Amino acid sequence: RLVVKPVAHGLEHVSDQPGPFIFVANHPSALDAPLIRDAIAHHFPHSVAVSAAPPSAARLAVERLFGLRSIKGLNGLLRQGISVVLFPERNPSDDGTMTEFDLGAARLAIRTGFPVVPVALHGTFAALPPWRVLPVAGRPQVTVLFGRPIYAEPTEEPHQVTDRILQSVAVGLAEETQGWYGALRAHAKKTLIQPGVHAASAARWRRIWKATSAPQNRSHRKVWI
């Protein structure tokens, strides 16, 4: 909070439930894990963050404890009442856009029965891109949006659950740029930008400029589905 202005939406979806939860989020910045854990600390003080991506300087905030990535290890934490924060993007993009998710979060939800809470992080890449050691000056605003819990059926395939999670996170990200009505329309028309699609649609410098320097409209209402 000393370096960014965090704004959280959607905590009402989980604040009145006992948990624990499997929080699943996009992962554009090293700020992501502490931001989520700060947002949920009042309701869920015990949580562990795990990333599917290889360790790097940009992701030192994510705990990579030995064995925690296994379904068995994460299941044990959940059974103890400890929520887990998963960042399932195996190959993070160079401009902060969301990429495809690993199936591990879906497999964990199917096997354990604990609900998945999709989380959309917006503005963290601009605040602390991977080539910076410290966040940019001026305490930029970053947004953490919590969606409604997703319950996986025991008979569902992991790719089906993963698709539901991806779509929910994509809607949350769309709200930040298109507003809630635009996001709902895009979801209904199935025109939400899919993971990795717009990351390759323009020159790298232009994508990075848009992610870090382009003006952002943050006056939209939040009615994340």
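Hey, quick one: spin label on HIS46, modelled 7 Å out along Cα-Cβ, who in region 1-25 has an amide N within reach, i.e. under 14 Å? So the set is 19-21. Per-residue packing, averaged as other Cβ atoms within 10 Å, sorts the ranges 104-110, 158-164 into the order 104-110, 158-164, beginning with the highest. For a paramagnetic label modelled on LEU2 (point 7 Å from Cα along Cα→Cβ), amide N atoms under 15 Å away belong, within region 127-170, to 134-139. With the simple model of a label 7 Å out from the Cα in the direction of the Cβ, ILE82 to VAL133 spans 3.1 nm. Sorting the segments 118-127, 37-46 by their residues' average number of neighbouring beta-carbon atoms within 10 angstrom, most packed first, yields 118-127, 37-46.
Readers should treat all values here as calculations from the given coordinates under stated rules, not as data from a laboratory. Just so it is clear, the model here is predicted, and its values are computed rather than measured. With ideal geometry, Cβ positions are generated from the backbone for all residues, glycine too; neighbour counts draw on all protein chains shown.
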